[in-house]
1. So which residues in region 30-57 are more than 16 Å from the chain's Cα centre (by Cα) and surrounded by fewer than 19 Cβ atoms within 10 Å (Cβ to Cβ), if there are any at all?
2. Limited to region 54-109, what total is found for residues that are over 19 Å from ALA31 (Cβ atoms), in contact (Cβ under 8 Å) with a residue 24 or more places away in the chain and basic (Lys, Arg)?
3. Could you check region 8-29 and list, in sequence order, the residues that are at pLDDT 50 or above and within 19 Å of the chain's Cα centre (by Cα)?
4. Can you work out which of the residues in region 71-91 that are exposed (fewer than 13 other Cβ atoms within 10 Å of the Cβ) and either in contact with a Leu (Cβ under 6 Å, 6 or more places away or on another chain) or charged (D, E, K, R) (or both) is farthest from TYR33 (Cα to Cα)?
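The values are calculated or read from the model by the stated rules, or taken from the named source; none is laboratory data. These numbers come from a predicted model, not from an experiment. Cβ atoms come from the backbone with ideal geometry, glycine included; neighbour counts cover every protein chain shown.
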Amino acid sequence: MISKTVRSQVVLATVFALASTVGFAQAGGEATYKAKCQMCHGADGAGATPAGKAMKAIPFTDPQILKASDTELIAATKNGKGKMPAYTGKLSDGEIKAVVAYIHTLQKK
């Protein structure tokens, strides 16, 4: 039989492991965003950079982007959309999902 102390330690370890995974995904998404997306979309996601203006990047706070599902945002990143290039083969599925998660943090600012 497992003691209450051991069971509590297992539960706490699981909680910390899950919390660090979420934090790592967000940090990974932020790093990938800065390396691959920020040039056009800007640090705040407004698309107000010279490249973003030239490419007509839509701000992440635009209603059409806010209502887009994660599946739609992932597809746009993988396949490209408008003047945005496709990132299939350039970013892994995990990196793309992490970037989409990071974009959601920009939408809340």
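1. ALA48, THR49, PRO50, ALA51, LYS53, ALA54, MET55, LYS56
2. Final tally of qualifying residues: 2.
3. So the first thing to find is which residues in region 8-29 are at pLDDT 50 or above, and the list is 9, 26-29.
If the condition is that a residue be at pLDDT 50 or above and within 19 Å of the chain's Cα centre (by Cα), then GLN26, ALA27, GLY28, GLY29 are the ones that fit.
4. Result: LYS83.
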